[in-house]
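In what follows, a structure is listed as structure tokens, so that the remarks can point back to it.
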Amino acid sequence: MKDLCPPGWPRPKGYSNAMAARGRIVMTAGVVGWNERQEFVDNTLAGQFAQTLRNIVAILQCDGAYPKNIARLTCYVTSIDEYLASAKEIGAAWREIMGRHYPAMALVEVVRLVEREAKVEIEATAVVPE
């Protein structure tokens, strides 16, 4: 996987502008921050964000993909303000779960998610080298 950043552009913090990769694609969608019994045990955005990342890693591992293989994430949150206020906790959880791998990423505020208690939903695209 190759991080793409045009010459002279500042490096983004906590994400990449673009990633280039070749291989088998594994995608997730609709992953929220509940546990394996579909129960929300944390009602904070930071806690749900961390659980959502853990859930994505568990799903990807079912087909031999790992955090380092994630090329792109689209994160839907119900509050940008809560996300920004939780940045320190989210960053700590990111490093614990994802390491220092920062894929191309978008963050979008939405009115609500299908699961009423969900504060975050993340889609992931991973590319596993053949």
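Anything in segment 97-119 that is within 23 Å of MET19 (Cβ to Cβ) and in contact (Cβ under 8 Å) with a residue 40 or more places away in the chain? List them, or say none.
ILE97, MET98, TYR102, PRO103, ALA104, MET105 - these are the residues of segment 97-119 that are within 23 Å of MET19 (Cβ to Cβ) and in contact (Cβ under 8 Å) with a residue 40 or more places away in the chain.
In segment 1-58, the residue that is surrounded by the fewest Cβ atoms within 10 Å (Cβ to Cβ) out of those that are in a helix (DSSP H, G or I) and not hydrophobic (A, V, I, L, M, F, W, C) is ARG54. Taken over segment 103-130, the criterion of being surrounded by fewer than 21 Cβ atoms within 10 Å (Cβ to Cβ) and among the charged types (D, E, K, R) is satisfied by GLU109, ARG112, GLU115, ARG116, GLU117, GLU123, GLU130.
For segment 59-92, what are the residues that are in a helix (DSSP H, G or I) and of a type in the set (A, V, I, L, M)? Show your work before the answer.
Taking segment 59-92 and keeping what is in a helix (DSSP H, G or I), we get 59-61, 67-69, 80-85, 87-92.
Listed by number, the residues that qualify are ILE59, LEU60, ILE80, LEU84, ALA85, ALA87, ILE90, ALA92.
Scanning for something at pLDDT 95 or above and not basic (Lys, Arg), does segment 3-22 turn up at least one residue? Scanning segment 3-22 turns up no residue that is at pLDDT 95 or above and not basic (Lys, Arg).
The values are calculated or read from the model by the stated rules, or taken from the named source; none is laboratory data. What you are looking at is a predicted structure, and each value in this text was computed from that prediction instead of being measured. Neighbour counts are summed over all protein chains in view; Cβ atoms, including those assigned to glycine, are modelled from backbone coordinates with ideal geometry.
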